[in-house]
1. How much length is gained if the chain between PHE11 and PHE212 is pulled fully straight, taking 0.36 nm per residue apart and subtracting their Cα-Cα distance, in nm to one decimal?
2. First measure r as the distance between the Cβ atoms of ASP162 and GLN195, then evaluate 1/(1 + (r/R0)^6) with R0 = 30 Å and state the FRET efficiency to the nearest 0.05.
3. With each pseudo-label sitting 7 Å past Cα toward Cβ, what's the LYS85-ASN173 distance in nm, one decimal?
4. Starting from 0.36 nm per residue, how many nanometres of slack lie between ILE71 and PHE42 once their C-alpha separation is accounted for?
5. Mind checking which aspartates and glutamates have their C-alpha under 18 Å from LYS85, skipping anything on the same chain fewer than 8 residues away?
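Just so it is clear, none of the values below were taken in a lab; they were calculated from the coordinates. None of the values given here were measured: they were computed from a predicted structure. Cβ: placed from backbone, ideal geometry, glycine included. Neighbour counts: every protein chain shown.
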Amino acid sequence: MKTQIKLAGNFLKSIVRSCWLLFLNGLLTLLPVVITFSIFSFVFKLMKGWLAPLQRISGPIFSYIPHAEIILALAIIFISGVLFKSLIARSFVDIFEYFVKRMPLVRTVYTGVKQLVHAFSPSDHNSFQQIVLVEFPRTGIYSIGFLTSQVAQEIKPDNNHDYFNIFIPTTPNPTTGYFVMVKREDYKIIDITTQEAMALIISGGIVQPNRFTIKS
């Protein structure tokens, strides 16, 4: 009798364990899909909120097109890219920046944002010169950073060493981060591209460079 009860108990435990594993497998399969969908849904709704004024000025022609404001925004961005390639439109941008750079507070914000945006552009090969490892925020803990330039002689912490400017982005938003000045011996250059470094930072280390993945 005891043996039968024990076998029934083990059988029940086996069923419960199998059901739990199936549930866990379904959860782990669906969770990335749900989270991805939720993120894109949130961004989509946020964009629609930002672009709501375009819907009001688009007129009756676009009123029958779903999400017309997003289509209109994409069209404006594309047309702007085409126009900014021409000398005439470029001159207007230069005039605009001429006046912006003479406004004390606006100048600082605009120049900093513009440089940061261009630094993350795939066509920019100068802003982020090398990818480095830095002991940050304390000794023994390493962070990925972007070597941007050498510190000018006038603002170096001391004149006995060469210092370098390094931008350390944060996860999952790499457009924010920390700016540090370190000596040459205090950082290590690593052999990964800007895109690989960005994927590694944004994913919190989940997305590793494919060429470094250990093949089973």
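1. Values: separation 201, 0.36 × 201 = 72.36 nm, distance 4.39 nm.
Full extension of this stretch gives 68.0 nm more.
2. Values: r = 28 Å, r/R0 = 0.94.
The pair ASP162/GLN195 has a calculated efficiency of 0.60.
3. Going from the LYS85 label point to the ASN173 one covers 3.3 nm.
4. Values: separation 29, 0.36 × 29 = 10.44 nm, distance 1.77 nm.
Gain in length upon complete extension: 8.7 nm.
5. ASP94, GLU97, ASP124
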